[in-house]
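What follows is a short report on a single structure.
The values are calculated or read from the model by the stated rules, or taken from the named source; none is laboratory data. For clarity, every value in this text was computed on a predicted model and none was experimentally measured. Neighbour counts run over all protein chains shown; Cβ positions are idealised from the backbone, glycine included. The accessibility values were calculated without ligands, DNA or RNA, using every heavy atom of the protein model including side chains. Shrake-Rupley method; radii C 1.70, N 1.55, O 1.52, S 1.80 Å.
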Amino acid sequence: MTDSIWGYRDSAGHRAGTDLTGFTVEAIDGTVGTVDEHSDEAGAAYLVVDTRVWIFGRHILLPAGVISSIDFDRGTIYVARTKKEIEDSPEFDRDRHIGDDGYHRLLAGYYGAPHT
């Protein structure tokens with residue numbers, strides 16, 4: 001298991017190089033949205049999730065460490081957080097925050113260590 005919130009956990013079943021765009025993202029208590037883009041970069045892996053089905057017009061950035069598992073057959077990513085935790089996460093601006101170290105530190109502090 002990785003000790004970084006910005007890396008995929010070994011138990012998540014992530015396959016490096018796999019395109020996760022369009023996968024459904026499921027929180028512990030329901031659907032969050034779909035993957036709009038993602039990064040596999042070591043130490044900076046994340047998902048950008050379009051929440052239009054849940055929170056109209058909002059995108060969120062989820063560190064890879066919150067992913068509990070990936071079901072490639074169903075095209076579904078399961079995250080070890082509730083919808084409320086995700087909804088209350090720091091506001092994400094795709095034009096400013098993708099490569100912003102300060103925002104990544106803020107998110108790491110918010111989400112803390114990966115949940116098991």
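Can you tell which of Gly22, Gly43 is surrounded by fewer than 19 Cβ atoms within 10 Å (Cβ to Cβ), outside any helix (DSSP H, G or I), modelled with pLDDT under 90 and on the phi > 0 side of the Ramachandran plot? Result of the check over Gly22, Gly43: Gly43. The set of residues from the range 90-105 being small (Gly, Ala, Ser) and not in a helix (DSSP H, G or I) comprises just one member, Gly99. For the range 63-116, a tally of residues being surrounded by fewer than 12 Cβ atoms within 10 Å (Cβ to Cβ) and in contact with a Phe, Trp or Tyr (Cβ under 7 Å, 6 or more places away or on another chain) returns 0. Taken together, the residues in the range 100-116 that are more than 19 Å from His14 (Cβ to Cβ) and either without any contact (Cβ under 8 Å) to a residue 40 or more places away in the chain or hydroxyl-bearing (Ser, Thr, Tyr) (or both) amount to 8. The lone criterion from (1) of a type outside the set (Asp, Glu); (2) more than 16 Å from Tyr103 (Cβ to Cβ); (3) open to solvent by less than 20 Å² (accessible area, probe 1.4 Å) left unmet by Ile60 is number (2).
From the set of residues in the range 1-19 that are aliphatic (A, V, I, L, M) and crowded, with 16+ Cβ neighbours inside 10 Å, which is nearest to Tyr110 (Cα to Cα)? Out of the qualifying residues, it is Ile5. Residue by residue through the range 1-19, note down the ones that are out of contact with any strand residue (DSSP E or B) (no Cβ under 7 Å at 6 or more places or on another chain) and part of a helix (DSSP H, G or I). Those that are out of contact with any strand residue (DSSP E or B) (no Cβ under 7 Å at 6 or more places or on another chain) and part of a helix (DSSP H, G or I): Asp10, Ser11.
The single condition from (1) open to solvent by 50 Å² or more (accessible area, probe 1.4 Å); (2) at pLDDT 95 or above that Val35 fails is (1).
Take Asp50 and tell me if it is open to solvent by less than 60 Å² (accessible area, probe 1.4 Å), at pLDDT 95 or above and closer than 24 Å to Ala16 by Cβ. Break it down stepwise before answering.
Working: open to solvent by less than 60 Å² (accessible area, probe 1.4 Å): yes; at pLDDT 95 or above: no; closer than 24 Å to Ala16 by Cβ: yes.
In short, no.
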